[in-house]
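I have placed the structure first, in the form of structure tokens, so that the comments after it can refer back to it.
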Amino acid sequence: MSRIIMSCCALLLSLLLTTSLHAETTTIHAGKLITATDKNVREQMTIIVKDNTITQVLSGFQTPEDSSMLIDLSDYTVMPGLMDMHTHLSYQHGGPSTYMKRVQYNEADYAFDAAHYAQKTLMAGFTTVRNLGDSFNETVALRNAINRGVAVGPRIFTTAKSIATTGGHADPTNGLTKHLMGNPGPDAGVVNGVAQARQAVRQRYKDGADLIKITATGGVLSVAKNGQNPQFMSDELTAIVETANDYGMTVAVHAHGKEGMVRAIKAGVDSIEHGTYMDDTVMDLMKENGTFYVPTILAGNFVAEKAKIDGFFPAIVRPKAAAIGPLIQQTFARAYQAGVKIAFGTDSGVSAHGDNAQEFGLMVDVGMPPIEAILSATKHTAELLNVTDTLGSISAGKLADIVAVKGDPLANIRLLENVQFVMKDGAVVKHDSTN
Ligand SMILES: [Zn+2]
């Protein structure tokens, strides 16, 4: 008797296992398809998704026999999940009170905010982001929570806490009273000299970061006078790049001023963020070295606009915001014309999370063709992340990160500000057919 029960149980178990292991097949009919493998738009295409992977892209509307779900996007333009290379999911600028969080917020406060903003980001069609700087490694925890399915958000590649020099843009104690300032070191992302630079990179590896972010020049929003001065010596930059590369990590560089950019590019960094005062020399150097430019026009416009409001920024920040903010869009236009590699990035957290796609319009307004703007947020971002084998296009073998908008975004790029369909990792997380 017990033997019969045992074999029944074994049969049931094997049935259950077979069912759960059997691939779910989803069929998507795409009215227009931007695969991002090239610049073409294909009409009436079928995408087959098994579990979390795109297995086939077919011409015409087809429905295989084993398909368990049909998603009709025949009125839509379908494209790969969008990718933003510069976000700060733990923060969102809300005027003067923002600066108080440095003395009010604990780790968990940042983490809950980050979970909220991550969800908004995903619902806006951004299925992958780089998070370039947090406070207490909370975006490492958030990335892990999303990956194990207990939080909703994009794929996150995080730097954890950025690395700065003493008093530099990402020194977290700038502007505090002396007893709160303390003397932060490599663990908190503040370094001086080659040994500390290496230690800070290794600490981030240990903390679970995916890549490294440094602030190579002053910045707009930190409580410090200069937004452009170089803040690392060349030997420190080289130490950071060499150490990061030893651990398989790339290096993203916040920079506004020219000298800081030149030193960083020569040291072999992977991307320049903002790049406000980039001139022809810098652009030539970037092309020579294959360095990406992540423009963040949206953040520039946001701070330029807010600098007009009395009291929005501390007095020391306001002139920097007014001077640097409006320049980024023109810098982007020149860099694009010069042939610098562009990867889409917004610095969201300065502007509101979920508004990321507004960057597309700002790129197209100054001369980038809409298809190039879309490739900058799919194909080229995957290149910067070194994930072209899994992300960045709709083709067989890629992970099923797929978004769609009604109408033709190549005729009106601002349609991307209203993404109606979002699939991440083969799961539909948004399908709003009402608008
Ligand atoms: Zn930033």
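What helices (runs of 4 or more DSSP H) completely inside region 89-196 contain at least 2 residues that are among the basic types (Lys, Arg)?
In region 89-196, the matching helices (runs of 4 or more DSSP H) lie at 101-104.
Enumerate the strands (runs of 3 or more DSSP E) found wholly within region 348-435, keeping only those where 2 or more residues are buried (at least 17 other Cβ atoms within 10 Å of the Cβ) and in contact with a Ser or Thr (Cβ under 6 Å, 6 or more places away or on another chain).
Passing ranges: none, list empty.
For region 287-303, does any single residue satisfy the condition of being open to solvent by 60 Å² or more (accessible area, probe 1.4 Å), farther than 16 Å from residue 227 by Cα, more than 16 Å from the ligand (Cβ to nearest atom) and touching a Phe, Trp or Tyr at 6+ places or on another chain (Cβ under 9 Å)?
No, that holds for no residue.
Which ones in region 380-435 are among the small types (Gly, Ala, Ser) and closer than 29 Å to residue 291 by Cβ?
382, 392, 393, 395, 397, listed by residue number.
For residue 300, are the conditions met, namely being touching a Leu at 6+ places or on another chain (Cβ under 9 Å) and at positive phi?
no
Could you list, in sequence order, all residues of region 251-281 that are away from the ligand (no atom under 16 Å from the Cβ) and either within 22 Å of residue 210 (Cβ to Cβ) or surrounded by fewer than 24 Cβ atoms within 10 Å (Cβ to Cβ) (or both)?
Result: 258, 259, 262, 263, 265, 266, 267, 268, 277, 279, 280, 281.
Return the residues of region 329-347 that are open to solvent by 10 Å² or more (accessible area, probe 1.4 Å) and within 23 Å of residue 92 (Cβ to Cβ); say none if nothing qualifies.
Residues satisfying the conditions are 329, 347.
Run down 312, 344 and say which single residue is over 23 Å from residue 47 (Cα atoms), at pLDDT 95 or above and of a type in the set (Phe, Trp, Tyr).
Values: 312 fails: at pLDDT 95 or above.
It is 344.
Can you name every residue in region 66-88 that is open to solvent by 20 Å² or more (accessible area, probe 1.4 Å) and either part of a loop (DSSP other than H, G, I, E, B) or in contact with a Lys or Arg (Cβ under 9 Å, 6 or more places away or on another chain) (or both)?
To start, the set of residues in region 66-88 that are open to solvent by 20 Å² or more (accessible area, probe 1.4 Å) comprises 66-70, 72, 74-75, 88.
Matches in region 66-88: 66, 67, 68, 75, 88.
Condition first: under 25 Å from residue 302 (Cα atoms), without any contact (Cβ under 8 Å) to a residue 40 or more places away in the chain, under 25 Å from the mean Cα position of the chain (by Cα) and surrounded by fewer than 14 Cβ atoms within 10 Å (Cβ to Cβ). Now tell me which residues in region 89-109 satisfy that.
The one that is under 25 Å from residue 302 (Cα atoms), without any contact (Cβ under 8 Å) to a residue 40 or more places away in the chain, under 25 Å from the mean Cα position of the chain (by Cα) and surrounded by fewer than 14 Cβ atoms within 10 Å (Cβ to Cβ): 94.
Mind checking which residues of region 332-368 are farther than 23 Å from residue 409 by Cα and more than 16 Å from the ligand (Cβ to nearest atom)?
Scanning region 332-368 gives 334, 335, 338, 339, 340.
Looking at (1) in contact with a strand residue (DSSP E or B) (Cβ under 7 Å, 6 or more places away or on another chain); (2) buried (at least 20 other Cβ atoms within 10 Å of the Cβ); (3) not in a helix (DSSP H, G or I), which is the one condition that is false for residue 222?
Just one mismatch for residue 222, condition (1).
The values are calculated or read from the model by the stated rules, or taken from the named source; none is laboratory data. It should be emphasised that the depicted structure is a prediction, and the values quoted were computed from it without experimental measurement. Cβ atoms come from the backbone with ideal geometry, glycine included; neighbour counts cover every protein chain shown. Areas reflect the complete protein model, heavy atoms only, side chains present, ligands, DNA and RNA absent. Shrake-Rupley method; radii C 1.70, N 1.55, O 1.52, S 1.80 Å.
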